[in-house]
1. Kindly state which strands (runs of 3 or more DSSP E) lie completely within segment 12-102 and contain at least 2 residues that are at pLDDT 90 or above.
2. What number goes with the only condition from (1) buried (at least 20 other Cβ atoms within 10 Å of the Cβ); (2) modelled with pLDDT of 90 or more; (3) among the aliphatic types (A, V, I, L, M) that residue 174 does not pass?
3. Right, residue 45: free of Cβ contacts under 8 Å to residues at least 40 places away in the same chain, more than 18 Å from residue 175 (Cα to Cα) and not hydrophobic (A, V, I, L, M, F, W, C) or not?
4. Can you list residue pairs whose Cβ atoms sit under 9 Å apart, with the first residue in segment 131-145 being small (Gly, Ala, Ser) and the second being at pLDDT below 75 and not in a helix (DSSP H, G or I)? Count only pairs 6 or more apart in sequence or on different chains.
5. Of all residues in segment 106-127, how many are surrounded by fewer than 12 Cβ atoms within 10 Å (Cβ to Cβ), part of a loop (DSSP other than H, G, I, E, B) and at pLDDT 65 or above?
6. I'd like the full set of residues that are aromatic (Phe, Trp, Tyr) and within 22 Å of residue 156 (Cα to Cα), limited to segment 24-56.
Amino acid sequence: MCADCVRKARLGGWYQGVFSIWKYEGVIRQAILKLKYKFVTDLVEELSDLAAEKLIPSPHTLNPILVPVPLHKSRLRERGFNQAEVLGKAIAAKMGWAFAPDFVVRIQKTKPQVETKTRAERLSNLSGVFEINKNHQLLIINNQSLIVFDDVATTGSTIREMKKVLIAAGVGRVYGLTIAS
């Protein structure tokens with residue numbers, strides 16, 4: 001694929017195993033920023049309705065479990081909520097998917113990805129920060145589909161790190177889903 005094709009595929013659509021519903025621009029970008037940093041949680045219902053309209057269940061993801069990207073407990077205390085969890089729960093409910101917000105835990109505090117500049121910094125920032133919640137070890141079944149969910153994908157490194165942990169733990173199929181990229 002040429003560089004322009006890769007860029008277009010990444011912006012709203014599939015890119016490296018992650019499906020993004022919209023491009024991270026305009027109204028969608030503003031809605032995500034308001035939800036994430038201004039705590040305008042009223043946007044969750046509308047965003048999740050619009051997202052569910054765009055998502056068509058495919059046969060290879062029947063009965064998936066949606067797993068939001070977790071925040072470190074200290075960041076969760078600071079913010080008061082995890083936007084990926086709140087949005088993911090609403091989308092999962094609308095799609096009829098199972099929802100497991102604590103399936104994966106973040107075991108190390110990291111700098112926010114928005115503060116890292118290069119792809120290498122982003123990958124390094126997330127290396128080894130996720131692990132399967134010990135309470136869910138017995139729930140992992142081969143060929144079970146999991147959807148790792150986050151609000152925004154820039155390089156895809158957050159979802160890629162979670163996918164590594166899930167696949168190593170024996171999860172059958174792991175997909176990525178974001179509101180925007």
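1. On the way: elements: 13-15, 18-22, 65-68.
Ranges flagged: 18-22, 65-68.
2. The failed condition is (2).
3. Working: free of Cβ contacts under 8 Å to residues at least 40 places away in the same chain: no; more than 18 Å from residue 175 (Cα to Cα): yes; not hydrophobic (A, V, I, L, M, F, W, C): yes.
No.
4. Short answer, once both residue conditions are applied: 145/62.
5. 4
6. Hits for segment 24-56 are 24, 37.
The values are calculated or read from the model by the stated rules, or taken from the named source; none is laboratory data. Nothing here was measured: the structure is a model prediction, and the numbers come from that model. No Cβ is skipped: glycine too gets one built from the backbone with ideal geometry, and neighbour counts run over all protein chains shown.
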